[in-house]
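Below: the structure, in structure tokens.
A short reminder: the numbers here are calculations on the coordinates, not readings from a lab. Since the model is a prediction, treat every value here as computed from it, not as a measurement. Reconstructed Cβ throughout: ideal geometry from the backbone, glycine too, with neighbour counts over all protein chains shown.
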Amino acid sequence: MSVCAIEFSLELEFYCYFLVLIFLIDQKRYNEAKACSLDGITRVMSLNMAELDSVSVLAARLYFYYSYSYEVSGDIAEIRWNLLDWYSVAALNHDELGQETLLNLLLRNYLHYNLYDQAEKLRSKAPKFLSLSSQQTRRYLFYTGKIQTIRLAYTDAKESFLQAVWRGPVAARGFRIQCTKWTVLVRLLLGEIPDRTVFMQSGMERILRPYFELTNAVRIGDLELFGNVAEEFAGTFISDGTKNLIVRLQHSVIRTGLRSISISYSSISLAEVADKLKMHSRNLLADVENVVAKAIRDGAINAKIDHANGWLISKETRDIYATAEPQVAFSSRISFYLNLYNETVRALLLPSGNDMHDSRRSASQALYGELLELLEEVRDKYLKK
């Protein structure tokens, strides 16, 4: 009873800290919030965390409010050493929830100042254990994805973001939006084009519009449209911390445009390439030649440059509409339907003397009848013309 009374009184004490902290932050009295959260953490450090498991949950919230009060006031770098010290204390006390929380706060601190190498060094050396908080796991996956993206590990980053979204509750709308934004950019950098449905999620259409417009520009390989979108929504991209990724995407836009050109033309002048890509610069032809040469070296297009005459010559055209491939494919599909139709008719005419399967045969005949009607519609539509 005495132990329970102690735990209850401590929990009540920390809840009072939370009430005061929430009030101070709501009133934008950040200096007082910093002092209040620091007093609470100092109180936590004086307790035996190994014996009072419930207090570790409350302490984790204090760490968060302490960091948040500094973040909103713009001086989050000041607390980095405190967070590192407390992280070491949590490790010594085997306070796994405290370690999770402080590791995420440290990663957030490093990423706020674009210190990706330091963040990766800390993340890679941090001990791995079974997570106690799904919320902290989601945050860890999100920060890990951002680090992997900056370090060009796009495939791993995509997996981290997708796992973070999958673990996140539907109610965590802001978190899901941030993960979706980064996932879209990573997929574009991988050469993938996200489905339109990604941007049509309930309540996210307006917020994701800049990324939808960006995706459309990358999909069609229009460099001018891409530049216009990047300029129009520059404030959004800066606020989201994705501006540097947008710059990287410019190369993807150029590659997409060049692939489209090399497929459509067996040969085309570099001046026309520049016009179709909507490139503008002082040394236009020289810049276009460098861009095309890089795309050839990277394997983005299978072509060569006629430097003497200034032409791009595709080594292999893939324009199937200039060949017999569409007609062959259509004929193959018609043949498939005809064979299926004939097999269905043949199956309906096969006799069966086993009365035990009458009910099953009746059901099968009904199913075959429906299929036969559909096939006849296809036959009448495409073959009787």
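Some values worked out for this structure:
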| read-out | value |
| --- | --- |
| Dipole magnitude of the range 13-96 about its Cα centre (Cβ charges: Lys, Arg +1; Asp, Glu -1), debye to nearest 20 | 240 |
| Of ASN309, ALA217, ASN290, farthest towards positive along the dipole that unit charges on Lys, Arg, Asp, Glu beta carbons give the range 187-320 | ASN290 |
| Of LYS28/LYS128; LYS146/LYS294; LYS181/LYS278; LYS158/LYS294, those spanning more than 30 Å from alpha-carbon to alpha-carbon | LYS28/LYS128 |
| Linear extension gain, ILE263 paired with LYS128, 0.36 nm per residue minus alpha-carbon span | 43.7 nm |
| Local electrostatic count, PRO169, Cβ distance below 10 Å [Lys/Arg +1, Asp/Glu -1] | +4 |
| Approximate spin-label separation HIS112-ASP195, in nm, with each point projected 7 Å along Cα-to-Cβ | 3.8 |
| Estimated inter-spin distance, VAL89 and GLU231, nm [label 7 Å along Cα→Cβ] | 5.3 |
| Order by protection proxy (mean Cβ within 10 Å, highest first), peptides 286-296, 97-107, 142-152 | 97-107, 142-152, 286-296 |
| Calculated from backbone phi, Karplus (6.51, -1.76, 1.60) coupling profile of the range 287-304 in Hz, x at Gly/Pro | 5, 5, 4, 5, 5, 5, 4, 5, 4, 5, 4, 6, x, 5, 9, 9, 7, 9 |
| Estimated inter-spin distance, THR155 and HIS251, nm [label 7 Å along Cα→Cβ] | 1.8 |
| Under the Karplus curve 6.51 cos²θ - 1.76 cosθ + 1.60, θ = phi - 60°, whole-Hz ³J(HN,Hα) for the range 256-262, x wherever Gly or Pro sits | 4, x, 5, 4, 4, 5, 5 |
| For the range 90-211, size of Cβ-based charge dipole, Lys and Arg +1, Asp and Glu -1, in debye | 300 |
| Two-site FRET efficiency, ARG209 against LEU340, from Cβ-Cβ distance with R₀ of 35 Å, rounded to 0.05 | 0.20 |
| Dipole magnitude (debye, nearest 20) for the range 168-230, charges at Cβ of Lys, Arg, Asp, Glu | 300 |
